[in-house]
1. Which one of the conditions (1) surrounded by fewer than 15 Cβ atoms within 10 Å (Cβ to Cβ); (2) touching a residue at least 40 places away in the same chain (Cβ under 8 Å); (3) over 30 Å from Phe89 (Cα atoms) does Ser141 fail to meet, given that it meets all the rest?
2. Which members of the range 81-106 meet the condition of being open to solvent by 30 Å² or more (accessible area, probe 1.4 Å) and either among the hydroxyl-bearing types (Ser, Thr, Tyr) or within 24 Å of Val307 (Cα to Cα) (or both)?
3. Do we have any residue at all in the range 313-335 that's in contact with a Lys or Arg (Cβ under 7 Å, 6 or more places away or on another chain) and open to solvent by 50 Å² or more (accessible area, probe 1.4 Å)?
4. Are any of the residues in the range 198-209 in a loop (DSSP other than H, G, I, E, B), among the small types (Gly, Ala, Ser) and open to solvent by less than 10 Å² (accessible area, probe 1.4 Å)?
5. Please verify whether the range 139-148 includes one or more residues that are touching a Pro at 6+ places or on another chain (Cβ under 7 Å) and either of a type outside the set (S, T, N, Q) or closer than 21 Å to Asn71 by Cβ (or both).
6. Which one of these does Thr282 not meet: (1) more than 14 Å from the chain's Cα centre (by Cα); (2) over 26 Å from Leu193 (Cβ atoms); (3) among the hydroxyl-bearing types (Ser, Thr, Tyr)?
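The values are calculated or read from the model by the stated rules, or taken from the named source; none is laboratory data. Everything numeric here is computed off the predicted structure, so don't read it as measured data. Cβ: placed from backbone, ideal geometry, glycine included. Neighbour counts: every protein chain shown. Protein only, heavy atoms only, side chains kept; ligands, DNA and RNA dropped before computing areas. Shrake-Rupley method; radii C 1.70, N 1.55, O 1.52, S 1.80 Å.
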Amino acid sequence: MTKKITKFMMPVIFFLLLVVAIYFSSDQQFCDAARDHGLNPKPFYKLDVSWPNLPELFTGQVFAVAVNPVNGVIYVAQRGDNVPKVLVFTREGYFLQAWNTSSIEMPHGIFIANASSNPSIWITDVGNGKYGHTIKQYTPSGELIQVLGSAGKAGTDVNPLQFDQPAEIFVHSSGEVYIVDGDGGLNNRLIKLSKDLEVVWMHGEKGTGPAQFYIPHSVAVDSFERVWVADRGNKRIQAFNAVTGDWLGSWSSCFDNAPYSVRLTPDQKYFIVAQLNINQITILEAPPVGAIGYCKIVSVIQLGEDVKPHLVDLDLKTRDLYVAEIGAQQAQKFIPIYT
């Protein structure tokens, strides 16, 4: 009897083992596919619900955020009538000051240059009034230092330099400046300036081809002298040689919806990209030196409905991620939990 039961059970056991093998194989394939399409269940960040200590200070639409990793000061740019255009917080979330300057109309992008020595804050202004269509440099306390562009006048010239709704600026440690211009205006340009603010090279043609743009919205430079541009209207990220301006390639397969921002983690291993239309922060694997290949999503942060993340920045000391959210009218801090 025992032999008959054993003989009968063998095919059943084999079948069960086969099902288990298929299950784990399929599960692994699912995980691989999920990882490739941004559905990786492994989180990279968690929300710091305590930052800032006084969230009610956000009284306008928050468009941009910038971090000074040396002193741990965070600058948040917001829009609205009768609201301070810049709020300043500590890394721990304590409020420091508000800029009540009248020289900023509609801030779009914000960047901190020379953080370790003589920090200054650059703000792109897309307003249509007498101060708009410019990029302004401020002291950390909000005093205006200089203005790039023709204030109150949209234009396409490069000598003198003009802008139409300049979206973002990135100032390299060398002093060289990279600008994406504009946020839906006359221009669709990526401009590199020398540390003396002279034009070094430029790509300025509207279109869908290589080195063409449709609403270039964010720009970042990595440690391998590559310039990365969030080409919002074309739903892709393009890469260029920072020295020569040569086009290196583009990523589009990861973006069914437009990428609004692009930043790199301090270790240069990952890109952080905000996608406003789907309320998502996408984490991409950064490519090695050489051909940029295809984009690969490793994780996502899914935000609530109508949060509308616009631009992001990272604390290069702590790896903390800060997100400017138009719809939620706030900036949020996310703490890294990846290794």
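1. The one condition Ser141 does not meet is (3).
2. Result: Asp81, Asn82, Arg91, Glu92, Tyr94, Phe95, Ala98, Thr101, Ser102, Glu105, Met106.
3. Within the range 313-335, one or more residues are in contact with a Lys or Arg (Cβ under 7 Å, 6 or more places away or on another chain) and open to solvent by 50 Å² or more (accessible area, probe 1.4 Å).
4. no
5. Yes, that holds for at least one residue.
6. (1)
Table: residues versus (1) in contact with a helix residue (DSSP H, G or I) (Cβ under 9 Å, 6 or more places away or on another chain); (2) farther than 26 Å from Asp48 by Cα; (3) among the aliphatic types (A, V, I, L, M).
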site	(1), (2), (3)
Val70	no, no, yes
Ile74	no, no, yes
Lys85	no, no, no
Ala115	no, no, yes
Gly129	no, yes, no
Val147	no, yes, yes
Ser150	no, yes, no
Pro166	no, yes, no
